[in-house]
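Heads up: the structure comes next, in structure tokens.
The values are calculated or read from the model by the stated rules, or taken from the named source; none is laboratory data. Since the structure is predicted, the reported quantities are computational estimates derived from the model, not experimental observations. So basically every Cβ, Gly included, is an ideal-geometry build from the backbone, and we count neighbours across all protein chains shown. For the accessible areas, the whole protein counts, side chains as well, though only heavy atoms, and no ligand, DNA or RNA atoms are used. Shrake-Rupley method; radii C 1.70, N 1.55, O 1.52, S 1.80 Å.
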Amino acid sequence: MCGICGIAKFDGAGVRQEIVRRMADTLWHRGPDDAGYHFEPSLGLGHRRLSIIDLDSGHQPLANEDESIWVVFNGEIYNYLELRSQLEGKGHRFRTRSDTEVIVHLYEEVGEDCFARLRGMFAIALWDRTRQQVLLARDRIGKKPLFYFHDHSQLIFGSELKAILAARPDLDRLDLTALADYFTFLYIPAPKSIYQDIRKVPAAHYMVFSERGVRHQAYWDLRFDEVENRSEDQWAESIGNSLSEAVSVRLMSEVPLGAFLSGGVDSSAVAACMARLMDRPVTTCAVGFEEESYSEVRYAREAARHIGANYRQTIVRPDATAIVERLVWHYDEPFADSSAVPTYYVSKAAREHVTVALSGDGGDETFAGYKRYAYDAADNRIRALLPLGFRSSIVRPLANSYPPLEGAPRVLRGKAFLQRLSQDPLEGYLARITTPITLRESLLSNDLKRQLQDYDPLEQFREHYRRADTNDLLSRIQYLDVKTYLTDDICVKVDRAGMAVSLEVRAPLLDHKLMELAARMPSHLKLRRGAGKYIFKKSVERLLPPGFLDRPKQGFAVPVAEWFRGELRDWARDTLFAADGLLDHECLQLLWDRHQSRTQDHSAILWGIFMFRQWQRQVSASSDARTGLKNSFARL
């Protein structure tokens, strides 16, 4: 695992070496073991290395024999030995044992088709001197990040935003549409970043940059239109075999390797597969919290005991002040998934024992595990019973006139439910997973809304939904979540939290072959009678303790709602009400007062606003602070 960066000039101007080195220095946490550079008159490549494979000779940047092709690479290629054997059969000669060198020779052999042949997680920058072009590529699910700035004269890229800002501090102009996206989704979907002129390479895409301009190309998509008819037992066997194979290829490592063990189904299944495949006990790491309702360590202990793992448990009481400042620095742009906090702590605990950890991320998206999928299916069953005319003439007016009844028992809070029923399935789902439009409109200042004009953040989600090649409603929202929430929230959360402590995290449930297999499974075998992961659980039940799969799903969370009423109260109140012309003060006050009085739990949106304000504070500091913060963070 590594950090990459670089500059290419297409106007003949030279690249200053000290700038590329400064960019790489901002990525020290992603690669503390080594630094490497390659410079040509109009090119500079930088690399920070976390050594995992070929510890002695896997130095980057790396070139082919005549040095006409150079690469810097962040990630792991799990099928590199198979590809290497094929390439050697075609006459290619290798100087290292690294997976990086496979990328160079594969590009020599098949050109731009090389990215579709890679199985793994990756962000790649490849310089083709002969064609005078730079290619940037990102893995299928977006597990590894890659940002860039491009104009007619140059390309600047890096694994994190801070690397690009180290080269061009003037690129810090706020993208107001990205800000609207953030307060709608509580993260910023690709290809945008929070900065107007810096973009993300989309997952499953590569881009070609040259003096002729830029070209975008998708090389993969997840298809749901090829549903296969198999028995439940056949599906369970196929999923189990595919999971085992996905875990197996992720066990390659020349450094200590272990697993996260949250106590949930997904991480427990991954750890159990590891135990069957490894010739030594698996090192598993779990983090618990003092608040019993937020901790699953008792289930993690049970799973570890059952599979014979070495179990490492850490009970923490999060230092909210310190962790917020650290996470804001590492995430680079506003990011409001509060589960980044426990993800950071479990990464930190794991790094004390291993350098690589396998996680259970992706199971909910792949096998329909989120509760919202079941709730949405229930909405759709009711919606199907109501004629369209009845929904528009009766349900919609009733929803509009229905009082919110804040603080009332949940059964009486029917306004949101009626509103969803009056909408079509897509709009109903969007209403469930996004900030309510009325709240977003109230939260943004009038001046900001004027500048946004008629911009609608939801339209990009509608485009993904329309692109799904299926009429099955569950499959369509799974596709939407894979393209948005999975890539731009879950993968971002895990990458930054792991890299903050120089830990490589691998996700077998996000193996594209396993995901493709699951996409061919009928929906009723994923979500059955309101319970998700039906066949997945059946495929792994023999690996886990009896009754382990029967308990309700519990999220990986921290008590944010109580933080705002307790230890974070004064700091949050002082932070939230900054006067910057972006957010409406009266709306903020109303949210705050209702939360403090327990009239309504507004912790999710308050956390989003709080993290945005903390991000504002950090970026308003001097440019030296952007890199200087690492010294104080290293002591945490």
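List of remarks:
- Packing rank of 612-619, 536-543, 580-587, 354-361, where each peptide gets the mean count of other beta carbons within 10 Å, highest leading: 354-361, 536-543, 612-619, 580-587
- Computed 3J(HN,Hα) for region 425-439, one whole-Hz value per residue from the Karplus formula 6.51 cos²θ - 1.76 cosθ + 1.60 where θ = phi - 60°, is x, 5, 5, x, 5, 4, 5, 6, 9, 10, 4, x, 4, 5, 5, glycine and proline marked x.
- Heavy atoms of Glu427 accessible to a 1.4 Å probe, total area in Å² rounded to 10: 40
- Residues of region 577-612 falling in the label zone of Ala557, defined by backbone nitrogen less than 12 Å from a point 7 Å along Cα to beta-carbon, are 601-605.
- Value of relative contact order over the chain, rounded to a whole percent, pairs C-alpha under 8 Å and six or more apart: 16
- Sorting Leu458, Leu179 by accessible area puts them as Leu458, Leu179; the probe is 1.4 Å, largest comes first, and only protein heavy atoms count.
- Fully extended contour minus Cα-Cα distance, from Glu459 to Glu441, at 0.36 nm per residue: 4.9 nm
- Summing Cβ point charges (Lys, Arg +1; Asp, Glu -1) relative to the Cα centre of region 56-122 gives a dipole of roughly 200 debye.
- Computed Rg/Rh of region 122-182, alpha carbon atoms with Kirkwood Rh: 1.01
- Rounded, prolate or oblate (a/c below 1.5 giving rounded, otherwise prolate when a/b exceeds b/c) for region 333-491 by Cα gyration tensor: prolate
- For Leu583, the residues whose amide H sits under 5 Å from its own are Ser445, ignoring neighbours fewer than 5 places away on the same chain, with H placed 1.01 Å from N.
- Most to least packed among 283-290, 300-307, 219-226 [average Cβ atoms within 10 Å]: 283-290, 300-307, 219-226
- Share of carbon and sulfur in the accessible area of the chain stands at 48%, probe radius 1.4 Å.
- Residue-averaged [θ]222 nm for the chain, counting only DSSP H segments that reach four residues, each worth -39500 (n - 2.57): -12000 deg cm²/dmol
- Percent of alpha-carbon pairs separated by more than 23 Å within region 406-521: 51
- The chain, dipole about Cα centre (Lys/Arg Cβ +1, Asp/Glu Cβ -1), debye to the nearest 20: 1320
- Surface accessible to a 1.4 Å probe, Thr130 within the full protein complex, Å²: 110
- Cβ-based charge dipole, the chain, positive-most Cα from Phe417, Cys5, Gly91: Phe417
- The calculated FRET efficiency for Ile394 paired with Asp601, based on their beta-carbon distance and R0 = 25 Å, is about 0.25.
- Extending 7 Å from Cα along the Cβ direction at Arg97 and again at Glu427 yields two label points whose distance is 6.0 nm.
- Overall Cα dimensions of region 92-138, principal axis frame, Å, largest first: 28, 24, 15
- Note that region 157-272 presents 34 Å² accessible area per residue, ligands and nucleic acids not counted, probe 1.4 Å.
- Burial ranking of peptide ranges 14-25, 156-167, 494-505, 376-387 (average Cβ count within 10 Å, highest at the top): 156-167, 494-505, 14-25, 376-387
- Rounded to the nearest 10 Å², the accessible area of Glu232 at probe 1.4 Å: 50
- Applying the Kirkwood pairwise sum to the alpha-carbon positions of region 11-151 produces a hydrodynamic radius of 15.6 angstrom.
- Spin-label proximity, Asp469 to region 103-141 - amide N less than 16 Å from point 7 Å beyond Cα toward beta carbon: none
- (i) 1.01; (ii) 1.08; (iii) 0.95, with the label sought being that of the calculated Rg/Rh (Cα atoms, Kirkwood Rh): (iii)
- Between the beta carbons of Asp233 and Ala579, assuming R0 = 60 Å, the FRET efficiency works out to 0.45 to the nearest 0.05.
- Nearest-0.05 FRET efficiency for Ala621 and Arg305, computed from C-beta distance (R0 51 Å): 0.60
- Karplus-derived 3J(HN,Hα) values for region 165-179, using 6.51 cos²θ - 1.76 cosθ + 1.60 with θ = phi - 60°, are 5, 5, 8, 9, x, 6, 8, 9, 6, 5, 8, 5, 5, 5, 5 Hz; glycine and proline are entered as x.
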